[in-house]
Structure formats: structure tokens, C-alpha cells
Amino acid sequence: MSYDNHTQSKNAVLNIKPVTARIGAEIEDIRLSADLSPAEVAAIQNALLKYKVLFFRHQTHLDDAGQEAFARLFGELFAHPTVPKRSGTGSIFELDSTHGGRADAWHTDVTFIDAIPKISILRGVTIPETGGDTVWANTAAAYQDLPDGLKSLADHLWALHTNEYDYGAYHSKASEEDIRYHEEVFTSTIYETTHPVVAIHPETGERTLILGQFTKRLLGLSLSDSNHLYSLLQDRITKLENTVRWRWSAGDVVIWDNRATQHYAVNDYGQQKRVVRRVTLKGEVPISIDGQKSKMKKKEKAILDPAIFKTALS
Ligand SMILES: [Fe+2]
């Protein structure tokens, strides 16, 4: 594919150290900022298409504004559709472990809307002494490794994605506060969108799998068949050999191609505080292998249960 050549020609610009042969590369000797040269930006973009996740250590000079300014080099900022942006920022989405920010379920960011963000840029702010790693999985490689029969089956499947799901059932260690936050903020507007299970990546042309936590069910199947088939495909994505795991330090920045990955924040740090801040970039509506676009089916303000509201105030 064309980006391979680009990446090779950019090796002179970037010091790229692949972390595994399948996903993830560390980029050394670079100071991320809005002042990067066009050649450096192009090299990062090309490396991202190839490795799917890029790790940058020691970016402690970046603050919220610096992170957003750097992100703008790669596209238009995307504000989360339900979670308020961090005050004083253009779009920053903060995950704070003390306020429901434990993303310990495999997902691609924001698949409950049609135009799934294309890139996420995450900065480590407060990192626990022990634990709190993030793991990413390559959804293009997972598709590529399916046997032909399963590829053909997946190629024509569609799935309904939503942000309205049983948070407590998904997150075994969820606190009452986490569950309340999910109900009151994360699902303050309820979205439902149908996506092809197999989409064509708009830049690489690779086939990728769109599944993960926000998948409610596969369309046209019984719930039982949907659950079985979902597990079969999702397990291929999250096979350990298809993943890369990052041990954070404060100041690390990780960039991932949200169209070709899922990720999981390991919830193994107890009551230690963990804060990471994300900037996400606008993406395009996914397209199936036969040219059909994803479709948003529902966007509805949720009506709060007064009992829940009362608990929140108490
Ligand atoms: Fe996420």
C-alpha cells in the first residue's frame, strides 16, 4: 500500500521503534507541538496508518492548550457528544478514575454515532505508581487473519451500536458513583447507529472490524446467534497476539487510529488516582465493502429517573 513507501521515506524524519510486529511503535527524539514541520506531521500520519498506535514518551511540556494545538495539525477537533469538555479547553475529554473515568471494556471511541472520530490523542496526566496500563488491538489485522468463510460472513453483517447499555454489567468493579455518572452524563442523550461490521478504511483501503463495547446486537440474527457471533469476532480482535500494552508515565502521549483499533484501560490500580486527557479528531461516516454508509437511527435526550437524580444530589 502507498503508505508503506511513505513511511519508509520518512524514516529519516522519525526515529520509529516498533513495539510488536503487529501493532504499536514508539517514536523517539521528537518534541510534540504545533510547531512540527509539515514533513514531521506527514511522517507521523503515515506511521500511524502503518502501526495503528504511536507512543511518545516525555512530552511533559504539553498542557491542555498545547495538546489541542498539536492535535489540530491532524484535523478538526471533535467534542464528545455527551460528556462536557474540560473547562477552559476546546474539546478535551478527561478520564478521571475518581469520576467514573475507568474505560475497562474493549471499545473503539464513540462508535454510537455515525461519523466515528478518526484519531484519538491521549496524554498521561496523573499515573498510578502501579497498574493503569492501556492495551490496544489491531482490528485490520484481526480481519485479515479470519479464515475465508468467516471473512465472507462478517463482510455482510451490520450491527447496532448505542451508548445506552448496562454499565454495571460491563464494568465489574464499577462503583455506585461510576454507574451514576454513566447514567446522568454519558447517556444524557441516547444514540443508536448502525455500522457495517466490516468497513473500508478511508485512507489505507484495509478492511477493519467495527465492534466493541457499544455494540448492542448484530442485525438480522436472534439475540443468541448475535451474542455467539459477536464473541467469535470480538475474541479475534482482542487475542493477546493482536495487541500492544503501554505502561504509562506522566507526560506520555499516545496517538491511535480509531478506525483500525480497539482499546482497554486495565482497571488494576485500586483507589489510586489516574487522570488522562484525550483530544479526538473528527472522522468520516464508515462505508461497508459494498458502499453502504453507517446510519444514525436515534438521537434522543434521555429523561432522568427522578429517583436517580435524588441519589445524585444526596
Ligand atoms: Fe476510549
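The values are calculated or read from the model by the stated rules, or taken from the named source; none is laboratory data. What you see is a predicted model; the values in this text were computed from it and never measured. Please note: Cβ atoms are built from the backbone with ideal geometry, for glycine as well, and neighbour counts cover all protein chains shown. The area values use the complete protein model at the heavy-atom level, side chains included, leaving out ligands, DNA and RNA. Shrake-Rupley method; radii C 1.70, N 1.55, O 1.52, S 1.80 Å.
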task: Report, by chain and number, residues whose modeled amide H sits under 5 Å from the one on Ile92, excluding near sequence neighbours (fewer than 5 apart, same chain).
output: Arg86
For segment 129-139, Karplus couplings with θ = phi - 60° (6.51, -1.76, 1.60), whole Hz, Gly/Pro x: 4, 10, x, x, 5, 10, 10, 10, 10, 8, 7
Placed amide H near Lys298: partners under 5 Å, 5+ positions off or other chain: Glu192
message: Taking just the alpha-carbon atoms of the chain, what radius of gyration and Dmax come out, in angstrom?
response: 19.0, 60
task: Go through segment 121-192 and name the GluC sites (Glu not before Pro) that are in a DSSP coil and have 11 or fewer other Cβ atoms within 10 Å of their Cβ.
output: Glu129
field: Label-point separation in nm, Ser37 to Ser224, each point 7 Å along Cα→Cβ
entry: 6.3
message: Pairs on different chains or at least eight residues apart, Cα atoms closer than 14 Å: how many lysine pairs in segment 3-150 fit?
response: 4
query: Which residues' amide hydrogens lie under 5 Å from the amide hydrogen of Thr189, considering only partners 5 or more residues apart or on another chain, with H built in the peptide plane?
result: Ala302
In Hz, Karplus ³J(HN,Hα) per residue of segment 271-282 (6.51, -1.76, 1.60; θ = phi - 60°; x = Gly, Pro): 8, 4, 7, 9, 10, 10, 10, 10, 10, 10, 10, 4
field: Antiparallel DSSP beta bridges within the chain, percent to nearest 5
entry: 95
message: Give me the dipole magnitude in Debye, nearest 20, for the chain about the Cα centre, with unit charges on the beta carbon: positive for Lys and Arg, negative for Asp and Glu.
response: 200
statement: Cross-link reach from Lys297 to lysines, straight Cα distance under 20 Å and at least 8 residues apart if same chain, gives Lys216, Lys282
query: Which value in nm describes the separation of the simple spin-label points at Lys239 and Leu153, placed 7 Å from the Cα toward the beta carbon?
result: 1.5
statement: Taking the chain and counting helices only, DSSP H stretches of n ≥ 4 at -39,500 (n - 2.57) each over all residues, the nearest-500 ellipticity at 222 nm comes to -7000 deg cm²/dmol
statement: Averaging 1/r across every pair of distinct alpha carbons in segment 71-168 and inverting yields a Kirkwood hydrodynamic radius, in angstrom, of 16.6
query: Between Glu284 and Thr126, what is the FRET efficiency for a Förster distance of 30 Å, r being their Cβ-Cβ separation, to the nearest 0.05?
result: 0.35
- prompt: Taking a probe of 1.4 angstrom, what is the accessible area of Asp114 in Å², to the nearest 10?
  reply: 50
query: Using a Förster distance of 30 Å, how high is the FRET efficiency between Glu177 and Glu76, based on the Cβ-Cβ distance and rounded to 0.05?
result: 0.35
message: What does the extension gain come out to for Lys298 and Val19, with contour length at 0.36 nm per residue minus their alpha carbon separation?
response: 96.4 nm
field: Heavy-atom accessible area order for His156, His182, largest first, 1.4 Å probe
entry: His156, His182
message: I need the phi-derived Karplus couplings for segment 84-98: 6.51 cos²θ - 1.76 cosθ + 1.60, θ = phi - 60°, integer Hz, Gly and Pro marked x.
response: x, 5, 4, 4, x, 10, x, 6, 5, 9, 9, 10, 10, 4, 8
field: the chain, relative contact order [Cα under 8 Å, separation at least 6], %
entry: 31
statement: Once all protein chains are kept in place, Ser222 shows an accessible area at probe 1.4 Å, nearest 10 Å², of 60
task: For Lys301, go through the aspartates and glutamates and keep the ones whose alpha-carbon is under 18 Å away, minus same-chain ones fewer than eight residues off.
output: Asp114, Glu164, Asp166, Glu183, Glu184, Glu192
